[in-house]
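The values are calculated or read from the model by the stated rules, or taken from the named source; none is laboratory data. Fair warning: this is a prediction, and the values are worked out from it, not measured in the lab. No Cβ is skipped: glycine too gets one built from the backbone with ideal geometry, and neighbour counts run over all protein chains shown. Side chains are part of the model used for accessible areas, which takes the heavy atoms of the whole protein and leaves out ligands, DNA and RNA. Shrake-Rupley method; radii C 1.70, N 1.55, O 1.52, S 1.80 Å.
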Amino acid sequence: MNDLDCEAIARSGVEALRRGDASAARSAFSQVEAAGRASHQLRLLLAQSCELMGDGTAMEAALAPVLEAEPRNIYALLMMGENRARMGDDRAASSWFNLALSSAAHAANLPPDLPPRLDRAVASLKSFSRKFEDHLQARLAATNIDPDSIGSRFREGIEILAGRAQPQLQQPTSFYYPRLPQIPFYDPAGFNWVPALEAKTSAIRVEAEAVLSSGRGLAPYVQRNVDRPSREHALLDDPDWSAYYLWRDGALDADHARACPATVAALEGLPMPSIADRSPAVLFSVLRPKTHIPPHWGMLNTRLICHLPLIVPPDCRLRVGNETRTVEAGKMLIFDDSIEHEAWNDSDETRVILLFEIWRPELDAKERGALTAMFESIALY
């Protein structure tokens with residue numbers, strides 16, 4: 001069979017497919033394949049003919065050489081996923097659909113017939129996820145396991161397994177210290193200094209209210225640095241998120257300290273880093289009404305951030321990783337800010353917290369000393 005014969009037979013197959021005659025189309029395309037003259041495009045048409053005839057085995061056989069040569073051929077991936085879904089093999093279908101969606105996300109231009117099929121793949125994946133979770137819950141119930149009774153870590157694992165949440169890992173923007181636990185919120189009960197500090201909330205709040213009333217010393221938390229490229233931040237130079245620093249870049253602000261003696265005294269003896277030109281950092285963080293601090297990551301994973309809420313209207317929340325907590329006055333929140341986090345003040349009033357940093361408890365004295373020397377060396381460069 002010469003090239004002209006193959007082209008004629010292929011055209012007849014296309015015409016048959018257009019008029020809905022899948023059997024004739026399959027016969028034509030199979031002849032060209034048997035002659036060794038088939039392109040990948042023709043094999044896709046052969047697979048489509050087999051699909052229309054309900055022959056999934058033949059369809060997959062037609063797609064095999066396509067996928068061997070082009071593992072990310074979106075049409076072939078979708079057809080494989082759709083065939084496995086018809087067979088009731090949700091797990092296999094999910095793998096084909098996910099690869100198709102990933103490939104489409106990196107494609108420059110998609111033919112107009114592809115987006116609807118990709119949408120159907122997304123809908124199928126959501127359906128598979130619901131079915132899987134129903135199965136999982138039923139199996140756990142059969143073994144007398146209640147996820148809520150196990151704890152938040154197990155519940156989060158189920159959320160990630162079901163596809164409703166993503167793993168949330170440390171991603172500090174400046175320095176990553178390896179082999180530290182990935183814990184979004186730390187239990188304040190594990191820090192023996194917390195009860196004494198919480199007991200001083202009222203005295204600290206009085207000083208914060210005075211700062212807020214005067215407005216002096218407050219500045220936007222996210223500020224432009226003329227010596228660096230502009231930071232892309234929704235609250236850049238925006239006073240809706242403001243700071244009143246007691247310590248900044250390791251230096252005590254004498255004027256602010258005199259204005260807030262109870263606050264300064266309350267922090268004495270806490271395990272705050274002391275690093276020249278860097279730490280400690282202590283401030284009143286002021287979040288104006290209807291303000292959202294968008295998701296972001298901190299610079300380091302060698303510290304934890306502490307929030308002592310002072311002035312807290314309703315509808316204030318803090319999310320770290322996959323966990324969102326309501327902010328309550330006088331109740332300490334300690335978290336790893338190298339994990340993605342964001343905050344909301346959805347109320348009509350201003351929220352004020354005392355914010356400071358502490359060493360991570362997992363770091364021993366030798367490591368803290370070495371890290372201090374390292375950070376100070378960086379600052380001197």
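Rounded to the nearest 10 degrees, the angle from helix 365-380 to the longest Cα principal axis of the chain is 90 degrees.
With a simple spin-label model that places each label point 7 Å from the Cα along the Cα-to-Cβ direction, the separation between Asp346 and Val206 comes to 3.5 nm. Each residue of the stretch 57-70 was assigned a 3J(HN,Hα) from its phi angle through the Karplus expression (A = 6.51, B = -1.76, C = 1.60, θ = phi - 60°), giving 4, 5, 4, 5, 5, 5, 7, 4, x, 5, 6, 5, 7, 10 Hz with x at Gly and Pro. Taking a straight Cα-Cα cut-off under 29 Å and skipping sequence neighbours fewer than 8 places away in the same chain, the lysines within cross-link reach of Lys331 are Lys200, Lys290.
Leaving out ligands and nucleic acids, note down the accessible area per residue over the chain with a 1.4 angstrom probe, in whole Å².
Per-residue accessible area for the chain comes out at 54 Å².
Solvent-accessible area of the stretch 172-221 (1.4 angstrom probe, protein heavy atoms only): carbon and sulfur portion equals 54 percent. Dividing the summed -39500 (n - 2.57) terms of all DSSP H runs of n ≥ 4 by the residue count of the chain sets its mean residue ellipticity at 222 nm at -14500 deg cm²/dmol. Once the C-beta distance of Ser214 and Arg153 is scaled by a Förster radius of 45 Å, the resulting FRET efficiency is 0.50 to the nearest 0.05. Measuring between their Cα centroids, the stretch 15-61 and the stretch 223-247 lie 62 Å from each other. Computed over protein heavy atoms with a 1.4 Å probe, the carbon and sulfur contribution to the accessible area of the stretch 266-381 reaches 53%. Listed options for Rg/Rh (Cα atoms, Kirkwood Rh) are (i) 1.17; (ii) 0.93; (iii) 0.98. The value calculated from this structure is the one marked (i). To the nearest 10, the accessible area of Tyr177 is 50 Å² with a 1.4 Å probe. Select from His256, His106, His292 the residue whose mean-square fluctuation is largest in a Gaussian network model of the chain (Cα-Cα springs shorter than 10 Å). Between His256, His106, His292, it is His106 that shows the largest mean-square fluctuation. Here the alpha carbons of the stretch 118-188 define both size measures, Rg and Dmax, at 16.4, 47 Å. Think of the stretch 55-189 as having a plus end and a minus end, set by charges on the Cβ of Lys, Arg, Asp and Glu; of Pro188, Tyr75, Ala100, Pro188 sits farthest toward the positive end of this dipole.
Can you list the chymotrypsin sites (Phe, Trp or Tyr not before Pro) in the stretch 136-185 that are in a DSSP coil and have 14 or fewer other beta carbons within 10 angstrom?
Tyr176
Surface composition of the stretch 1-52: carbon and sulfur atoms hold 48% of the protein heavy-atom accessible area at a 1.4 Å probe. Each Lys or Arg adds one and each Asp or Glu takes one away; over the other residues whose Cβ falls under 14 Å from the Cβ of Asp240, this sums to -2.
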